[in-house]
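Engineer: Here it is, the structure, as structure tokens.
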Amino acid sequence: MSTCGFTPTQIRQMEFFDVMRLSRYFSRHPPLRDLVEAIARSIGIKMPDGSKPEYMTGEAFKALVDATGGKIDGVPSISEYRG
């Protein structure tokens with residue numbers, strides 16, 4: 001689904017006049033996400049590029065646990081929950 005609420009297939013099935021009307025509407029009333037991104041970029045906030053996030057591999061996770069002893073700053077250990 002696109003930000004305008006229609007799937008690409010639905011847009012392709014529209015008459016040209018309807019696509020142009022939809023385009024004019026969204027040029028006057030952009031989706032909130034687009035407005036927020038434009039404002040954020042204008043004040044220097046870096047936005048995600050939209051690509052799929054990269055997840056940590058099993059090997060990288062093991063290396064992180066080995067390096068930190070499994071401790072994450074700000075997250076209490078299980079023994080602290082049992083208190």
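Engineer: Between helix 32-42 and the chain, what is the angle of the helix's C-alpha long axis to the longest principal axis, kept within 0 to 90° and rounded to the nearest 10?
Structural biologist: 70
Engineer: Continuing with this model, one more query. Given that just one value was derived from the coordinates, which of (1) 18, 30, 22, 15, 10, 5, 0; (2) 16, 40, 31, 11, 1; (3) 13, 22, 21, 19, 15, 10, 1 is P(r) over Cα pairs in 10 Å bins from 0, in percent?
Structural biologist: Computed from these coordinates, P(r) over Cα pairs in 10 Å bins from 0, in percent corresponds to label (3).
Engineer: Ignoring everything except DSSP H segments at least 4 long, calculate the 222 nm mean residue ellipticity for the chain; use -39,500 (n - 2.57) per segment, divide by total residues, nearest 500.
Structural biologist: Value at 222 nm, helices only, nearest 500: -16000 deg cm²/dmol.
Engineer: Given L32, Q13, A60, which one lies farthest toward the positive end of the charge dipole of segment 8-82, if we put +1 on the Cβ of every Lys and Arg and -1 on the Cβ of every Asp and Glu?
Structural biologist: So the residue furthest toward the plus end is Q13.
Engineer: Suppose every K and R has +1 on its Cβ and every D and E has -1 on its Cβ; what is the size of the dipole of the chain about the Cα centre, in Debye to the nearest 20?
Structural biologist: So the dipole magnitude of the chain works out to roughly 300 debye.
Engineer: Let me ask something additional. Could you work out how far helix 16-28 tilts from the main Cα principal axis of the chain, as a 0 to 90 degree angle to the nearest 10?
Structural biologist: 60
Any read-out appearing in this document is the output of simple, stated calculations on the displayed coordinates, not a laboratory observation. Because the structure is a prediction, the values reported are computed rather than measured. Heads up, the Cβs are rebuilt from the backbone with ideal geometry, glycines too, and the neighbour counts pull from every protein chain shown.
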